[in-house]
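All remarks here apply to the structure that follows.
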Amino acid sequence: MTGDGSCIGSKYGITFTGKWVWGMKDYIDRGFMKLFDPNYLFNDYANKGYSEPLENNELFEDENSKLESEIGYLRKKVAIMDPVEAGRLLSCGEDETEFHERFMILMRMHNDIPF
């Protein structure tokens with residue numbers, strides 16, 4: 001975090017800067033912190049407390065389906081995206097804020113099997 005709403009990050013030896021990097025970092029951090037929030041770990045925590053823990057596959061189920069409906073089309077787009085387009089998106093200006101597509105590109109880079 002640079003203190004001005006931007007962030008500096010790196011992956012695979014490539015450095016990224018900008019507001020989108022902060023948005024992605026915040027998204028990842030918030031997801032991690034939810035792993036410790038009892039409201040996400042137990043059914044009706046407010047009324048039942050710790051009595052009904054969720055199974056792992058239920059964790060964030062509602063949020064994941066909502067997010068998938070909002071940005072699922074990006075997953076398909078990124079799956080067939082050529083490297084030139086991916087590079088153009090990753091080298092955007094520092095004021096760019098949308099990070100979901102760029103995050104998916106980095107995840108694809110992580111999952112691609114080298115030749």
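Take ASP29 and decide whether it is surrounded by fewer than 11 Cβ atoms within 10 Å (Cβ to Cβ) and in contact (Cβ under 8 Å) with a residue 60 or more places away in the chain. Judged against the criteria, ASP29 is not a match. Only residues that are farther than 16 Å from LEU106 by Cβ and of a type outside the set (Ser, Thr, Tyr): list them for segment 1-18, please. Answer for segment 1-18, where residues must be farther than 16 Å from LEU106 by Cβ and of a type outside the set (Ser, Thr, Tyr): MET1, GLY3, ASP4, GLY5.
This table checks each residue for (1) surrounded by 11 or more Cβ atoms within 10 Å (Cβ to Cβ); (2) touching a His at 6+ places or on another chain (Cβ under 8 Å); (3) at pLDDT 85 or above.
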site: GLY9; (1), (2), (3): yes, no, yes
site: MET33; (1), (2), (3): no, no, yes
site: ASN64; (1), (2), (3): no, no, no
site: LEU74; (1), (2), (3): yes, yes, yes
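Is segment 43-50 home to any residue that is at pLDDT 90 or above, closer than 18 Å to GLU98 by Cβ, surrounded by 12 or more Cβ atoms within 10 Å (Cβ to Cβ) and not charged (D, E, K, R)? No - not one qualifying residue is present in segment 43-50. All told, ASP95 meets the bar of being among the acidic types (Asp, Glu), surrounded by fewer than 14 Cβ atoms within 10 Å (Cβ to Cβ) and touching a residue at least 40 places away in the same chain (Cβ under 8 Å). The set of residues in segment 30-51 being more than 16 Å from ASN64 (Cβ to Cβ) and among the small types (Gly, Ala, Ser) consists of ALA46, GLY49, SER51.
Of all residues in segment 36-52, those being hydroxyl-bearing (Ser, Thr, Tyr) and over 26 Å from the mean Cα position of the chain (by Cα) number 2.
The values are calculated or read from the model by the stated rules, or taken from the named source; none is laboratory data. These numbers were taken from a predicted model, which means no experiment stands behind them. Note that each Cβ is placed from the backbone with ideal geometry, even for glycine, and that neighbours are counted across all protein chains shown.
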